[in-house]
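I have placed the structure first, in the form of structure tokens, so that the comments after it can refer back to it.
We did not get these values from a lab; they are worked out from the coordinates using the rules stated. Treat the numbers as computed from the prediction; the structure is a model and nothing was measured. No Cβ is skipped: glycine too gets one built from the backbone with ideal geometry, and neighbour counts run over all protein chains shown.
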Amino acid sequence: MWNWITTRFAELHAWTFETLVQPALYRFGFMNWDEQAFEATELFLIGLIEVLLLWAIFRPVEALAPVEKWDDRSEAHVDIYYALLSKLGLIPLFFFLLLTPAFDWLNGNLRMAGIIPPNLEDMVPALQSSAVLSAVTYLLILDFFDYWRHRFQHRFKTWWQLHALHHSQRQMTFWTDDREHLIDQAISAAWRAALGLLIGVPPVQFLTVTLISGAIESFSHANVRVKFGSVGKYILVSPHFHRVHHAMAFGYDGPAKGCNFAQVFAFWDVLFGTATFAEEFPATGIPDQQTGRDYGRGYWSQQWLGVRRLIGADGK
Amino acid sequence: MFRSKCFVLALVAAASAEAHIAFVLNSGDETVSVIDTASQKVTKTFRVGKEPHHLMATPDDAYLIVANALSNDLVFLDRQTGEVKRRLPNISDPYQIGFSPDRKYFVSASLRLHRTDIYSGSDFKLLKRLQTPKAPSHVMFDQKSTMAFVSLQDSNELAAIDLKTQEMAWKIPIGKQPAGVWMTPDDKHLLIGILGENYVEVIDWRARKKVKRIVTGEGAHNFIPAGDGRHVFLSNRASNKISKIDQQSLTVVDEFPAPGGPDCMDVTADGKQLWVTSRWIRKVTVIDLATKKIVKQIPVGRSPHGIYLYAHAPRR
């Protein structure tokens, strides 16, 4: 079955690339990008399938056991744009094109100085022989670094001004995962690129890890009454666990009160003393929204207000 | 008498077993597919390293070298079994590799990081790391091993590196996105596949002059000699065909269909079949050169690139 699926996908991927993408590359003189464009086409198609699957699975679950019921869901709709831009690869592609020359320049100059950045496989050769071991290891490593990136997003006030956009959603759904400020997304992309330079994350594992973590993180934002049980709650981030992180006031409000920062594995919070296993399913949002602070409703207004908060121009 | 017969039989069996093996580098999967060329089936697939793109035999034919670009290493395989015999680390981003005909130098083009490295051909000690912007992609030598020629894919140039001084001797502008480089048997002309166009540029490298354009097909890419000392095959990636070029008349004398983004090639020892990696469709395409028909498409891994037949036609 899996073989049948991957074969059909490979055919779709090849057809899309050869029919739509490669002729355009040739026509406009970008054939030196054909291998990268081939990979980008794959990411787009995987993203498209992922979005459809998430919608087909999580939306009915949200309808079946919602935490909150809204008569007017318009506030939630903007998150669909964020999700499509990220999951279909437009935002990742933008930052790939933006950051790759800088990181390649750094990498190339390190080598001119006789320094070849290390590969994790050099230190742990077993990773080279097992694809599963390699995927699990990179999932753990990337998630560990994402835990700390997320803590810093809350810890540093300047960074929080950007990340606040993510938390300003009061109608949190599975689409909310990708609701991020563009500058915040640039920092995240640079964070991961730096990690790639540090330990040499293989592209194939990066793709696998991104898909697995993306699905878990989307579900963790879903508007559903789901907990992962007395053991599971310590392992994976559940919708309940992450909702507590988004809880108005105590979930994220400053370094002293923040909790449940993990993205995929809940045990990072347990390990670093930031886990809170509250019983209730709290309301989400930022306290100053209740006193009238505007975080915007549309994509561009949210982006613009994020910049204003960043430079302290919104008078708050 | 019986023992000597057994010995002869064993030799025949060994030679026969040796003759039936092909190696394919799945650059998107970090793996090598080993194919039984008689049954045309994959017999095993194993992980080799991050982004294996090109491979070649050592000059003494003792091993097969796989260049793992992102792993920064060379892996030496047993040419008969595919068993990993040795892993040589600290080879910076080896994309395309080659030994000078006198075996003194091993040259590695680092496409991603814009460097060309010259190593000692005997012990792989780094002799020189040259900045060669932008995107050095394929390497070729003159027969006296005085020069290494490198196509610079992103700056549309051909570079010549003096192997004695290990400095850039000259660069000349060339067509859009030059890729494969091939030296004619008379050591007079360089053929360069122009990936961004539909032709092969012919250069009189001593005079540093373009002498002819051979129109082949869109996405002219890489070369492999037919083994008869006169013809060379060229893959045309975007037009999905292989051109057979007469190196004396510098004309296209035949064409063969090769769907799915043909890339690297090898010719069977009897000169009857051309084996081609089809990048976009995850297959190896086997072409009967007499009938011009595709006799088999063998599924392999993602983005198959380098290919090597144990029993191949002479490299001339």
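Summary of computed values
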read-out: Distribution of pairwise C-alpha distances over the protein assembly as shown, 20 Å bins, in %; value: 18, 46, 27, 9, 0, 0
read-out: Net charge dipole size for chain B [Lys, Arg +1 and Asp, Glu -1 on Cβ; Debye, nearest 20]; value: 120
read-out: Gaussian network model of chain B, springs between alpha carbon atoms under 10 Å - residue of B:VAL286, B:VAL139, B:VAL42 with greatest fluctuation; value: B:VAL42
read-out: In sequence order, calculated HN-Hα J values of region A:110-122 (Karplus, 6.51, -1.76, 1.60; Hz; x Gly/Pro); value: 4, 5, 5, 8, x, 10, 9, x, x, 10, 4, 5, 5
read-out: Neighbour-limited loop hits for trypsin sites (Lys or Arg not before Pro), region A:4-111 (at most 12 other Cβ within 10 Å; DSSP other than H, G, I, E, B); value: A:LYS69, A:ARG73
read-out: Most fluctuating residue given options B:PRO173, B:PRO52, B:PRO136, as computed from a GNM of chain B linking Cα atoms under 10 Å; value: B:PRO173
read-out: Tilt relative to chain A, helix A:2-16 - C-alpha long axis, 0 to 90 degrees, to 10; value: 70
read-out: Value at 222 nm in deg cm²/dmol, rounded to 500, when DSSP H runs of n ≥ 4 in chain A each add -39,500 (n - 2.57); value: -20000 deg cm²/dmol
read-out: Selected from A:HIS221, A:HIS77, A:HIS150 as most flexible by GNM, with chain A as the system and alpha-carbon contacts under 10 Å; value: A:HIS77
read-out: Degrees, to the nearest 10: B:2-19 long Cα axis against longest axis of chain B; value: 40
read-out: Rg [Å, one decimal], Dmax [Å, integer] - region B:2-309, C-alpha atoms; value: 18.8, 66
read-out: Intensity falloff of chain A expressed as log10 I(q)/I(0), Debye formula with alpha-carbon point scatterers, at q = 0.09, 0.11, 0.14 Å⁻¹; value: -0.51, -0.77, -1.23
read-out: Separation in nanometres of the label points that stand 7 Å from Cα toward Cβ, at A:TYR81 and B:GLU255; value: 4.8
read-out: Pairs from B:LYS144/B:LYS283; B:LYS176/B:LYS244; B:LYS209/B:LYS293; B:LYS209/B:LYS296 whose Cα-Cα separation, in the structure shown, is over 30 Å; value: B:LYS144/B:LYS283; B:LYS209/B:LYS293; B:LYS209/B:LYS296
read-out: Angle between chain A longest axis and helix A:131-155 axis [Cα atoms, degrees, rounded to 10]; value: 40
